Amino acid sequence: MGLERVIVVVPVFNEAANICAVLEDLRQNAGHLDRVVINDGSTDGTGRLVRAAKERVIDVPVNLGYGKVLHLGLRYMLAREYDAVVFFDGDGQHSAAQIDRLIDTLRTEEVALAIGSRFVESQAYSGPKTRRAAQRWFSWLTRPLLGRRIFDTTSGLKALTAGAAEQLVRGTFLDFHIEAIVRLRMFGYAIAEVPIEARERREGESMYSLLAALKYPLKTTALTLVAVMDGLLSRQSR
Amino acid sequence: MTTQGIIVIDILGILLLLLVAESMRRRILLIGYGLLWSATLVAVMTAVSVPPFLNAITHAVGALFPVSALTLLGFVFIFLVLIHVSVQLTLLNARQVELIQNLALKAEADEREGSSPDRPAAPRQDRDFADPRGHG
């Protein structure tokens, strides 16, 4: 699979404490790839820091939320005719040295989505208990829906081909987690998990509040079922 | 219903019809919604003022008493209106998100073109505000 042009999209919201280190990591370990930061209405000067670092940035005028920003990233990579996109969190949890492994997986295994998985080989990454419970629930849900278990459905490090991106821009998503995975599988796209190591976030606060920890599993489960319905109806109409 | 009750409801209905008409005139109520509420008011006033009409509705929905029929129809009506409003809100939200995304993409494209060697960069306003906002 020819993936000549790949872009790294870094969604950020109030990551002034982390963004410089993240950008330096990307320059050092993935400097051969194009990259763009999507600043989701930050109020702590993140946008200024990104510009001071002479990085490409898309400023969103009001905070849209993580999922909508990823959707914007997909629209951007399709408009600029990239062959693949890598989403890379701006909170310092990921290592840029692992990006090439995801892209290689897209090429060699001919999959449409390569997920950087924190749990397929190790359970060392913990995170908040509520988040871990939700992650386990969604991981469990993948087996009956997809016929196989996806261990990390909430990873922020993932690589997608342009074909997968075209499918995803048409759907409705919360955070592009299990609902996106299920949608791609229902429409016949292959998915792989690539073991990665992730750090706890370096500085700042998670975007997931306690209220979000309660709402998120319900909304994501509903969106996942919508993706299943979309896929089944699509197969019926073919 | 007593004659007094019918008169009170009809007067209220007419006042509400005038309110709907004035709202449409001021363009604070879409014509479609204005027609819907007008038709609803006329239907309620007719049902109250013309007993055979109300009895026919009661019989049609299988209720024993007219008040039961009106309650059931009222519930169904309110539910449909709320579903409709929810759908409209969802559509508005989707359009808003698309507009915001288009704005952001256009601003980035303009900035990239502005920084090309052939064109001087336009001065950029810093959009980071001091007041914190919640995550969407």
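The values are calculated or read from the model by the stated rules, or taken from the named source; none is laboratory data. Given the structure is predicted, the values throughout are model-derived calculations rather than measurements. Neighbour counts are summed over all protein chains in view; Cβ atoms, including those assigned to glycine, are modelled from backbone coordinates with ideal geometry.
Side notes on the structure shown:
- Failed item, numbered, when A:Ala16 is tested on (1) more than 29 Å from A:Tyr216 (Cβ to Cβ); (2) of a type in the set (A, V, I, L, M, F, W, C); (3) surrounded by fewer than 23 Cβ atoms within 10 Å (Cβ to Cβ): (1)
- Failed item in (1) in a loop (DSSP other than H, G, I, E, B); (2) touching a His at 6+ places or on another chain (Cβ under 8 Å), with B:Met1 passing the rest: (2)
- Test set (1) under 28 Å from A:Thr220 (Cα atoms); (2) in contact with a helix residue (DSSP H, G or I) (Cβ under 9 Å, 6 or more places away or on another chain) - A:Asn29 fails condition number: (1)
- Check on A:Ala198, modelled with pLDDT under 90 and closer than 15 Å to A:Leu102 by Cβ: yes
- Any hit, segment A:31-41, residues being in contact with a His (Cβ under 9 Å, 6 or more places away or on another chain) and either under 15 Å from A:Leu157 (Cβ atoms) or of a type in the set (A, V, I, L, M, F, W, C) (or both): no
- Elements of type helices (runs of 4 or more DSSP H) contained in segment A:33-140, each with 1 or more residues being within 14 Å of chain B (Cβ to nearest Cβ), over 19 Å from the mean Cα position of the chain (by Cα) and of a type in the set (Val, Ile, Thr): A:46-52
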